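Trainee: I have a structure I would like to understand better, so I am pasting it below and will then ask my questions one at a time.
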Amino acid sequence: MFFPVDDSYNLLGHWDPPGTEKLIVKKLNITPDEARKMIDGVLAKHGMDPAKAVDKDGWRRISLGDTNVVIGVIEWQPEEFHFVVFVPLLGLPPGETQLSDYFRALLILNHHDTLGARFSITGDTLFLNISRPIRGLDTQEVDDSIRSILVVADGMREKLWETLVAEVEDIPTPLDALPDVPLTPKEAQRLSVIFSACDEHGRLIFGDLMKRWFRAGFKIDVTPGAIGFKIPMVERFIGLAALRPGAGSQRQLCILGWESLRNTRSFSDAAVDQFQQTILTFAKPAITESSAHIEINDTFDINSARKLIKVLVVLAGQAQEPPPEQTIQLPLQINGLKLGSKTKQRISQTLNDCSPRIQEIFTFLISGWHTAGGTVLCNRPGSIYLKLTTAEHDFGEYGRLTNTFNLAVLSGPKRNQGPLITVAWDLARGEYPYLDYAAGAVDQFEKTVSSLPKFEKHGTVHRILLTTRYKSEAIDQLLQAMLALKAASQTNELN
């Protein structure tokens, strides 16, 4: 049997575009712990909690879009350590001996199409991986390796799966053994592969769920590696659940939309709350930031499946077309800035969710920072990053380097949280003293910012809470403090 290893319903992170972070490390003799610290630093810079990503064996496991990525440091030979990034792509037919042409195609792709990554096979699983000795490793290489493997995995997964299907003549599960629901030939072939990856109980539950969802009048979408349960809206379909087969240590699951349902803007908070509470009465899902995973084992029986379909049908009946998003014209101050079209579009979407007064505040800060030569990025709607790049300086054990970091983040309103500005802190000390060579300027910056109205320390985060009555004088003081720190950061007085 073979199947794609796919977790497209488990979106746990967002990745900044290339060039966002500049960290040039010149130290050559890197220890394994230092390499792991670099990995954790890159994950943290992209909004992930490294502590939550580490498994019992020390591997960093993260999920980005459709791709599960495993990152770590291994002892390749005695006292020779390598930095490794790998992605499980496909399960291959066990003991298959008729794939010589397929393996040849993989070797050809290895030669020129994988951006430094390479395909490999362990057991019955096809992997994509990057490895290199840790000597001379720096955080930019860690970042670039993760980006490269994501690009290749996203671009090749479905093509490799379809090529493998064409190569293997025998479909693992007979078509006449599939659930009695309408399927295209391509969907039937995909479903036969998915069912072959399930145990007998999984096939029974998956088949029952599919038949009942179809009888309720809704769409079943069979993709490589998953069976989606969707409901129609005027111009799109909304996915409520997906069934995914097991892969190695990966279990067969029913993946439910959870907090992600609120982001569709098609369900009221009350409807989502009731859906979640009802699910918890008969199942014990593992809950992530956006989804809930129910393992399809002996504790989840036919009665549980029927309860699940009922609650999904109730939720589907509460779906409403979201109100059209109001589009706003970007202020002239921002339209005139030399920013990428996608960045401007995301800034527009962020401002669209803000009141007119918060739009004025954010526009003032963006324009003032960019005009002074600062970097402005918006990788996804909701957060606008004002970045500062330091002068080259001695950075402790890492040697001489340049850092780019978020000096301030402008965040639009979210559920249960109003708009705010998050400000970098402890820049002259702490774990990452980016501006230890400008300690006096850092002290003045922190003194000014901490005196502003609505400033607070929330855990390790220092932030300014914004209201529609926030005074322009205070925002001007913030910008001037940022610009003064920027000017001081460009000259390394310790040289």
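Results for (1) part of a helix (DSSP H, G or I); (2) farther than 20 Å from Ala372 by Cβ; (3) of a type in the set (Asp, Glu), shown as yes or no for each residue.
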{"site": "Tyr434", "(1), (2), (3)": "no, no, no"}
{"site": "Gln444", "(1), (2), (3)": "yes, no, no"}
{"site": "Pro453", "(1), (2), (3)": "no, yes, no"}
{"site": "Glu456", "(1), (2), (3)": "no, yes, yes"}
{"site": "His462", "(1), (2), (3)": "no, yes, no"}
{"site": "Thr467", "(1), (2), (3)": "no, yes, no"}
{"site": "Gln480", "(1), (2), (3)": "yes, no, no"}
{"site": "Lys486", "(1), (2), (3)": "yes, no, no"}
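Trainee: Select from the range 275-301 the residues that are polar (S, T, N, Q) and either in contact with a Lys or Arg (Cβ under 8 Å, 6 or more places away or on another chain) or free of Cβ contacts under 8 Å to residues at least 40 places away in the same chain (or both) and list them in ascending order.
Mentor: Hits for the range 275-301 are Gln276, Gln277, Thr278, Thr281, Asn297, Thr299.
Trainee: Name the residue, out of Glu360, Glu295, that is closer than 27 Å to Glu259 by Cβ and acidic (Asp, Glu).
Mentor: Every option except Glu295 fails the conditions.
Trainee: Something else about it: Within the range 397-408, is even one residue modelled with pLDDT of 90 or more, among the hydrophobic types (A, V, I, L, M, F, W, C) and either surrounded by 19 or more Cβ atoms within 10 Å (Cβ to Cβ) or not assigned by TED's automatic domain parsing to the domain that holds Leu452 (or both)?
Mentor: yes
Trainee: Just to confirm my filter: which helices (runs of 4 or more DSSP H) fall fully inside the range 184-275 and include at least 1 residues that are farther than 30 Å from Arg61 by Cα and of a type in the set (Lys, Arg)?
Mentor: Result: 185-196, 200-215.
Trainee: What are the residues in the range 452-485 that are of a type in the set (S, T, N, Q) and modelled with pLDDT of 95 or more, if any?
Mentor: Gln477, Gln480
Trainee: Before we move on, is Val234 more than 27 Å from the chain's Cα centre (by Cα) and aliphatic (A, V, I, L, M)?
Mentor: So Val234 passes the test.
Trainee: Could you list, in sequence order, all residues of the range 206-252 that are more than 26 Å from Asp154 (Cα to Cα), of a type in the set (Gly, Ala, Ser) and touching a residue at least 24 places away in the same chain (Cβ under 8 Å)?
Mentor: Once the filter is applied, which keeps residues that are more than 26 Å from Asp154 (Cα to Cα), of a type in the set (Gly, Ala, Ser) and touching a residue at least 24 places away in the same chain (Cβ under 8 Å), the range 206-252 yields Gly207, Ala216.
Trainee: Name the pairs: first residue in the range 138-164 and within 19 Å of Leu107 (Cβ to Cβ), second residue of a type in the set (Val, Ile, Thr) and at pLDDT below 80, Cβ to Cβ under 7 Å, at least 6 apart or on different chains?
Mentor: Val152/Thr114; Ala153/Thr67
Trainee: Report yes if Ile255 is in contact (Cβ under 8 Å) with a residue 40 or more places away in the chain and either among the aliphatic types (A, V, I, L, M) or surrounded by fewer than 17 Cβ atoms within 10 Å (Cβ to Cβ) (or both), otherwise no.
Mentor: So Ile255 passes the test.
Trainee: Here is a follow-up. Which ranges mark the helices (runs of 4 or more DSSP H) fully within the range 323-391 that have 1 or more residues being at pLDDT 85 or above?
Mentor: In the range 323-391, 341-352, 356-371 are the helices (runs of 4 or more DSSP H) which contain 1 or more residues that are at pLDDT 85 or above.
The values are calculated or read from the model by the stated rules, or taken from the named source; none is laboratory data. Bear in mind that the values here come from a model prediction, so they are computed numbers and not experimental data. Cβ: placed from backbone, ideal geometry, glycine included. Neighbour counts: every protein chain shown.
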